[in-house]
Amino acid sequence: METNFFEPTLPPVNAVGKPMDRVDGRAKVMGAARYSAEYPVNGLVHGVLKTSDIAKGKITNIDTAAAAKEPGVISILTYQNIPKPAKVPSTLKEEKKWQAAQSYLPMQDAEIHYAGEPVALVVADTLERATQAAALIKVSYQVEKPIDSYHDPKADLFDPQKIQNGKTDGHKVRGNPETAYASAPVKHEATYVHAINHHNPMEPAATTAVWEGSDRLTVYESTQNITMSQGSLANLLGIPRDQIRIITHHLGGGFGCKGSFWPHTILTVLAARAVNRPLRLVLTRPQMYTSVGHREDQEQTLKIGATQEGKLVSMIHEKKSTTSPWDNYAESNSKVVNMLYACPNFSARYELARANVMTSVWMRAPGEAPGSFALESSMDDLAHQLNMDPLQFRLLNYADKDYSDNEKPWSSKSLKECYARGAELFGWSKRNPKPGQTRRGKKLVGMGMATATYPVHSSQGTARVRLFADGHAVVQSGATDLGTGTWTVMTQVGADALGLPPEKVRFELGDTRLPTAPGSGGSQAAGTVSSSIMAAAEDLWKKVIDMAVGDKKSPLYKAKPTDVKVELGRMFLKKNPQKGETLVAALSRSGMTDIEGMAMGKYGSGYEEKHFAAAGGAAGSPEEPGGKNEKGEEKKPSGHSMHSFGAHFCEVEVDPDFGTIRVTRWVGVHGVGQVLNLKTATSQLYGGAIFGIGSALMEETFRDPNYARYTNHNLAEYHIPVNADIPDMKIEFVPEKDPYINALGVKGIGEIGIVGVAAAVANAVYNATGKRMRSLPMTPDKMLQALRTSA
Amino acid sequence: MNNFSYLQATKAKEATGAKRDDKSSAFIAGGTTLIDLMKLNVENHDQLIDVNMLPFKGIEQSNDGLRIGALERMSDVGEHKLIVEQYPAISQSLLLAASAQLRNMASIGGNILQRTRCPYFRDTAFPCNKREPGTGCPAKEGDNRNLAILGTSDACIATSYPGDLSVALIALDAVLTLENAKGKQRRVPISEFYRLPGKTPHIENTLEADELIVAVTVPKAEHARKSLYMKVRDRASYAYALTSAAVGLDVQGGTIRSARVALGGVGAQPWRSKEAEQMLVGKPANESTFRAAAAAAVRGAQPYEHNAFKIEMVQNTLVRALTEVAAKG
Ligand SMILES: Cc1cc2nc3c(=O)[nH]c(=O)nc-3n(C[C@H](O)[C@H](O)[C@H](O)COP(=O)(O)OP(=O)(O)OC[C@H]3O[C@@H](n4cnc5c(N)ncnc54)[C@H](O)[C@@H]3O)c2cc1C
Ligand code: SF4
């Protein structure tokens, strides 16, 4: 196939980028959009989990007598009678194909390892009856003293070698960090603490399991990744994937907690099999704190060495955090520290302690969010130490390439433009560099800034595009929409791929019967699914081009297919763009009602490699033509490092009498490649910043040190920002073209919005008060204490 | 939540006559405290007596002062012109509380009887002396950040009343009108209504099982007209007080003639500080007087691991409240 569809240029767009209203907006407002717990199913019964009061010990007795007598109770399942899965999930020793964040499956024996662990599942005809029966179950325990965290005196810290359950190296060394640090004329060392955070999506996790025979199953599941849910269930149940259908049309948020497979899902599926009825289980709000992971409690120590002129010479990062009794999970905080600035020497190591908690899991920008808090706070301190403007200091250490990854060039980086535009919008030049000088009434006022970044995680997926001769189209990919706008933006992509107005395109997602897409996690859905749709469209274009060049009535009759190009649904001769016609025009003459294209699309480095190969040596990346090397082998691209970048600017007011911190102004400017929809993208970045302000100022789950049980597992006491906490925010994008990452140059934006936020707030607090806050959340008690401390 | 029977009472006697004891039956007004605790299995009543149809309504000013029916809603009372103008601390204490939705449901009587937010009390997996006498108080060595520093006991350190309204009411000498099953009414100053935990933290007030709160009256006074409620919290809205202060001052010619001070978020009950008031009366209305009053208010405070910050924070809250109210002239 000589046709080269992979030139390193980006196609023109029309619908893409526009601030189009959400296609699912009306359904949501009318209550017509169905979430996983809302599908009507004939004969449905309801399950409720009874969870463990204690964090460690053994069940000695489960008295179900009173519960069983409740009207409507169908079954009470415990470890003694719940059907076993075909395969019990593996521990660390075995590679986990089933993508559970937590390898331990509760309700298999009498042992208890964490508070809130399921001990029984009650099935009844109504939710209320199941709830009441669960309350009547009396579980007796032999209680042991639990370990509550890494700072528990009984906890043992160990070196896990690998973190994120084996996925990521727990050690990283570049250059000679210790020597470089030791000899650096300017040094900075600080320890940062991050509280336990919970994702708290509005929609609790829910599973509706419908067995359609002994080995056919449909599950309405609130998951960010239907393919993963399908694979995990196939593995655990020992039945083929194609017998399992997962449906997730709408999600009420997830932020990472619905991106893994969790015990409640398999327990519901097994219980549905036991009672032989369709079964629905919805986690309660308190159960959401002990069923779907959390951001772990952690502390990071960061040492930075610099020259007198302010050039970074070394960074040494160490992290301690809590993990579960089985898994070695830690967010990889050090990655962002390693890559964000030009620094020749770097090292990172992790220590974990096992405690009686469930396994923690990725939460919005896992690693980058807390890692950037440490890095960007230290950078601010260093700027003060060196008597430099924090923004100038960052520019001085601007990474013109990726020092953390073989000094690869960036595929695109608009950080300087983000800094400049953000500073202008915010009025950074008006900042008084001397802390504690600005007052507004009684309040101390300060300004701070921080850098944002998020990597492009290489990914791939498939899509199907079906164009009808009447000028309508259906575009399909098994993606999910967290509420962020996937439905809408992929409609726009489909419209441009086929040259149709968006109203004539229906996008379908959230069903494993559709072509496989990656999950909505790691900011990879937008980049991958849009690329898949473009690839599927190309497949369709080729078919229509073949039709046109063979059709006497077509202006392209007898043209060489490789001479034809398609843009916005119109085929034309590359050399004579006047000459051409639309896809729909050619199709409608053909007598066919519709035509279909399907293909796999890639995002990130995989896309670049494919592009390089497809270029067949002709173009490759401009810096690096493809072709054969001296040994006659196909050259591989060394490739680009792929990241988004942005800058946050924040103003705070601190009340010196109460220690209350309120964010009063916010500016965020980001370079994220092609924005798919200005409205939904802006909302995402508002949301990211608000999420970050929450973790900066108020979010903390308190685990009782004696009981290893959460005390504020509800939305009254676990504070997330309310409207009154959030000022008017300005979010902008700088134009950025990136032809290396995917077909449209789209970078994901789900996570970058939170990265650096806590540091921007802390830096503003420092500017306001002269006090450095290194423990999140920065609650009034901590601020007050800092204000009273002279250091 | 247990199954329960439901009785909608249309006459006070019907309600009080049906009430058996506090454990098995309960009155329900807005339900925002009660239903919450029943869902958590903290309270398990098998009979609910709906009092919303009772005629305990009205917001009036008489010679005695202000009278608020116990079934008036927080939002209606908080926004009422008479209260905004003549009893600002009461209005502010209501409007700074909870959320708009809750304020629309919640009644004045229910607010006065709301229960502690101590997390151990609200989770039956934990022991708790208030919920189950004799089981212990894990808060002392645990999550006590938002618990009390004044009036606590070895048995319980909770802010038994975590809310706002009663702080303003106790500052302004409010009196509750109660009515029992015999139809007999009695009047109890709110300062004598709540009980300190002592050895019996489960007994929170002097209300008898068959008694209803009918109304709240607040005497007319210059310090009520010049009153203010200030609340400090973890987020800008929709949070319980870390510390709060309800103050009223009558200042003439720069000298304080009468003063009212109550503190929230710090006491085992809404905390009237006569000590602070004594430091204010007869003194010039200036910062050093206010500081001295604040110091007097926290004398004897006993903090735990996470709530020592309240000692300073509540003093600053009080000083700020007094400063602002004095500035009103
Ligand atoms: C999330 C949340 C946040 C909140 N934040 C705040 C806050 O910031 N500040 C604040 O002050 N409050 C706050 N509250 C508490 C709220 O104000 C109370 O729940 C409410 O005032 C209770 O009134 P109700 O009518 O709903 O009472 P109910 O729940 O109906 O009753 C509460 C109790 O009072 C009894 N009762 C009710 N009426 C009478 C009567 N007339 N006579 C005798 N007994 C009666 C009931 O039997 C029950 O025991 C919050 C509540 C929630 C859920
Ligand atoms: S402080 Fe009071 S309410 Fe809280 S656990 Fe102790 S006894 Fe129970």
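The values are calculated or read from the model by the stated rules, or taken from the named source; none is laboratory data. All figures in this text were calculated on a predicted structure; none of them were measured in a lab. Every residue, glycine as well, gets a Cβ built from its backbone with ideal geometry; the counts of neighbours run over all protein chains shown. Side chains included, ligands, DNA and RNA excluded: accessible areas come from the protein's heavy atoms. Shrake-Rupley method; radii C 1.70, N 1.55, O 1.52, S 1.80 Å.
The figures follow:
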read-out	value
Filtered residue count, the stretch B:191-222, keeping only those that are away from ligand 1 (no atom under 11 Å from the Cβ), in contact (Cβ under 8 Å) with a residue 12 or more places away in the chain and either surrounded by fewer than 24 Cβ atoms within 10 Å (Cβ to Cβ) or within 19 Å of B:Val51 (Cβ to Cβ) (or both)	16
Tally of residues being open to solvent by 20 Å² or more (accessible area, probe 1.4 Å) and among the hydrophobic types (A, V, I, L, M, F, W, C) across the stretch A:240-262	1
Extreme residue, nearest to the other protein chains (Cβ to nearest Cβ), among residues of the stretch B:80-102 that are open to solvent by 30 Å² or more (accessible area, probe 1.4 Å) and either touching a Lys or Arg at 6+ places or on another chain (Cβ under 9 Å) or among the aromatic types (Phe, Trp, Tyr) (or both)	B:Leu96
1 or more residues farther than 18 Å from A:Val663 by Cβ and within 11 Å of chain B (Cβ to nearest Cβ): qualifying helices (runs of 4 or more DSSP H) within the stretch A:678-791	A:780-788
Any pair with Cβ under 7 angstrom, 6 or more apart, that starts in the stretch B:297-326 at a residue that is within 14 Å of chain A (Cβ to nearest Cβ) and ends at one that is of a type in the set (S, T, N, Q) and in a helix (DSSP H, G or I)	B:Phe309/A:Gln785
Residue tally, condition open to solvent by less than 30 Å² (accessible area, probe 1.4 Å), touching a helix residue (DSSP H, G or I) at 6+ places or on another chain (Cβ under 8 Å) and among the aliphatic types (A, V, I, L, M), over the stretch B:275-325	13
Of all residues making up the stretch A:243-295, the number that are part of a strand (DSSP E or B) and modelled with pLDDT under 95	1
Candidates A:Asp381, A:Asp327, A:Asp400 - the one that is of a type in the set (Asp, Glu) and under 30 Å from A:Gly673 (Cβ atoms)	A:Asp400
Boolean, B:Glu208 is farther than 26 Å from B:Thr116 by Cα and away from chain A (no Cβ under 14 Å)	no
Any hit, the stretch A:378-398, residues being touching a helix residue (DSSP H, G or I) at 6+ places or on another chain (Cβ under 6 Å) and within 18 Å of A:Tyr454 (Cβ to Cβ)	no
Which numbered condition B:Ala89 fails, given (1) assigned to a helix (DSSP H, G or I); (2) within 21 Å of the chain's Cα centre (by Cα); (3) more than 16 Å from ligand 1 (Cβ to nearest atom)	(3)
Number of positions in the stretch B:1-34 that are within 13 Å of chain A (Cβ to nearest Cβ) and away from ligand 2 (no atom under 16 Å from the Cβ)	5
Every residue from the stretch B:103-132 that is part of a helix (DSSP H, G or I) and either open to solvent by 10 Å² or more (accessible area, probe 1.4 Å) or near ligand 1 (Cβ under 7 Å from one of its atoms) (or both)	B:Arg103, B:Asn104, B:Met105, B:Gly109, B:Gly110, B:Asn111
Criterion (at pLDDT 95 or above, within 16 Å of ligand 2 (Cβ to nearest atom) and part of a helix (DSSP H, G or I)) met by exactly one of B:Leu37, B:Leu82, B:Leu94	B:Leu37
Positions within the stretch B:97-118 being among the hydroxyl-bearing types (Ser, Thr, Tyr), closer than 27 Å to B:Leu196 by Cβ and more than 16 Å from ligand 2 (Cβ to nearest atom), in sequence order	B:Ser107
Condition check for A:Asn200: modelled with pLDDT under 95 and open to solvent by 10 Å² or more (accessible area, probe 1.4 Å)	no
Residue match in the stretch B:231-245 (condition: away from chain A (no Cβ under 14 Å), in contact (Cβ under 8 Å) with a residue 60 or more places away in the chain and buried (at least 24 other Cβ atoms within 10 Å of the Cβ))	no
Subset tally (residues that are more than 8 Å from ligand 2 (Cβ to nearest atom) and either farther than 30 Å from B:Ser75 by Cβ or hydroxyl-bearing (Ser, Thr, Tyr) (or both)) for the stretch B:119-132	3
Answer from A:Tyr181, A:Tyr141 - the residue that is within 14 Å of chain B (Cβ to nearest Cβ), touching a strand residue (DSSP E or B) at 6+ places or on another chain (Cβ under 6 Å) and open to solvent by 20 Å² or more (accessible area, probe 1.4 Å)	A:Tyr141
Residue selected from the stretch A:664-677 under the condition out of contact with any Ser or Thr (no Cβ under 6 Å at 6 or more places or on another chain) and in a loop (DSSP other than H, G, I, E, B), by the criterion farthest from the other protein chains (Cβ to nearest Cβ)	A:Gln674
Matching residues, the stretch A:776-791, being crowded, with 21+ Cβ neighbours inside 10 Å and hydroxyl-bearing (Ser, Thr, Tyr)	A:Thr779
Test: residue in the stretch A:435-443 that is assigned to a strand (DSSP E or B), of a type outside the set (D, E, K, R) and surrounded by fewer than 24 Cβ atoms within 10 Å (Cβ to Cβ)	no
Enumeration of residues in the stretch A:79-107 that are at pLDDT 95 or above and more than 15 Å from A:Thr268 (Cβ to Cβ)	A:Tyr79, A:Gln80, A:Asn81
